1. For the stretch 64-92, which positions are of a type in the set (Asp, Glu) and either surrounded by 17 or more Cβ atoms within 10 Å (Cβ to Cβ) or in a loop (DSSP other than H, G, I, E, B) (or both)?
2. All but one of (1) part of a loop (DSSP other than H, G, I, E, B); (2) open to solvent by 30 Å² or more (accessible area, probe 1.4 Å) hold for Ser157; which doesn't?
3. Just a yes or no: is a residue in the stretch 181-190 at pLDDT below 90, out of contact with any Gly (no Cβ under 9 Å at 6 or more places or on another chain), more than 24 Å from Ile66 (Cα to Cα) and not in a loop (DSSP other than H, G, I, E, B)?
4. If you scan the stretch 97-150, which residues turn out to be part of a loop (DSSP other than H, G, I, E, B) and aromatic (Phe, Trp, Tyr)?
5. Working only within the stretch 20-60, note down all residues that are open to solvent by less than 10 Å² (accessible area, probe 1.4 Å) and modelled with pLDDT of 70 or more.
6. Could you grab the pairs with beta carbons closer than 9 Å, sequence gap of 6+ or different chains, first residue in the stretch 104-115 and in contact (Cβ under 8 Å) with a residue 40 or more places away in the chain and on the phi > 0 side of the Ramachandran plot, second one assigned to a strand (DSSP E or B) and aliphatic (A, V, I, L, M)?
7. Does the stretch 93-104 contain at least one residue that is more than 17 Å from Phe11 (Cα to Cα), open to solvent by less than 60 Å² (accessible area, probe 1.4 Å), more than 18 Å from the chain's Cα centre (by Cα) and of a type in the set (D, E, K, R)?
8. Within the group Ile137, Ile150, which residue is under 12 Å from the mean Cα position of the chain (by Cα), surrounded by 15 or more Cβ atoms within 10 Å (Cβ to Cβ) and closer than 30 Å to Met68 by Cα?
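The values are calculated or read from the model by the stated rules, or taken from the named source; none is laboratory data. This structure is a prediction, so every number in the text was calculated from the model and none was measured. In this analysis, Cβ positions are derived from the backbone assuming ideal geometry, glycine residues included, and neighbour counts consider all displayed protein chains. Each accessible area value is taken on the protein alone, full model and side chains, heavy atoms only, with ligands, DNA and RNA left out. Shrake-Rupley method; radii C 1.70, N 1.55, O 1.52, S 1.80 Å.
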Amino acid sequence: MMKSQTLKEEFLKNINVISASVNNYQPSNHNQFWGGFRWQGMSENEENNSMWIIYGDKDFINTYQIKMIEGEDYLANFKMTDKKSFILNRSALKMLNWESTIGKEITYWGSAKGNVIGLMDDFHFRSLHHLVEPCAIVINDLGMNISVRIKATDVTSSLASLKRTWDSFGSNISFEYYFLDDDFAKLYQSETRISSV
């Protein structure tokens, strides 16, 4: 099995690569998870609240250019531990009725505990058909995808170089890629067809 973090580090050696992240995020496939959360200060009788969960490494925020509100320093110096670490969006902060996030403990899926290390601005992680909902990024080094932000100067050459790096790992999985703007465009195909009609 290909080691995604090692491959990511090789991608980053390419002068045309700006940043990269290992994650499970694909907006058009709606493959975020929806999980129940309990949190510090919540009463025992209070029902779990749910929010979307995205698994991504510490470079997810930078690669997707998401604005951090709190905890940027924590993230820059982040080291993986056995305990989960979360970054919440503004909508999650509002749902939890917290004034600040750093250091607060939350539990999701019944027993997985961790601390909040940052607050990010709301962003559309699904299509614009949906309101922005509470969301937590769980910092995790594992994932099925590697998101790569590249310079726009020579895309063809950059992709060819990334493919050579991929192939050098001897994987029997073919090199497949898509552009995020194309992926988002899939979410609006029905509107495009209607406007064409």
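1. Correct list: Glu70, Asp82.
2. Evaluating Ser157 over (1) part of a loop (DSSP other than H, G, I, E, B); (2) open to solvent by 30 Å² or more (accessible area, probe 1.4 Å) leaves (1) as the failure.
3. Yes: the stretch 181-190 contains one or more residues that are at pLDDT below 90, out of contact with any Gly (no Cβ under 9 Å at 6 or more places or on another chain), more than 24 Å from Ile66 (Cα to Cα) and not in a loop (DSSP other than H, G, I, E, B).
4. Trp98, Trp109, Phe123, Phe125
5. Ala20, Ser21, Val22, Asn23, Tyr25, Phe37, Met51, Ile53, Ile54, Gly56, Asp57, Phe60 - these are the residues of the stretch 20-60 that are open to solvent by less than 10 Å² (accessible area, probe 1.4 Å) and modelled with pLDDT of 70 or more.
6. Close Cβ pairs satisfying both conditions: Trp109/Ile53.
7. Keep residues of the stretch 93-104 that are more than 17 Å from Phe11 (Cα to Cα), which gives 93-104.
Pick out the ones that are also open to solvent by less than 60 Å² (accessible area, probe 1.4 Å) and you get 93, 95-96, 98, 100-104.
Subset that is more than 18 Å from the chain's Cα centre (by Cα): 95-96, 98, 100-104.
Filter once more, so that each one left must be of a type in the set (D, E, K, R): 104.
Yes, because at least one residue in the stretch 93-104 is more than 17 Å from Phe11 (Cα to Cα), open to solvent by less than 60 Å² (accessible area, probe 1.4 Å), more than 18 Å from the chain's Cα centre (by Cα) and of a type in the set (D, E, K, R).
8. Matching residue, one of Ile137, Ile150: Ile137.
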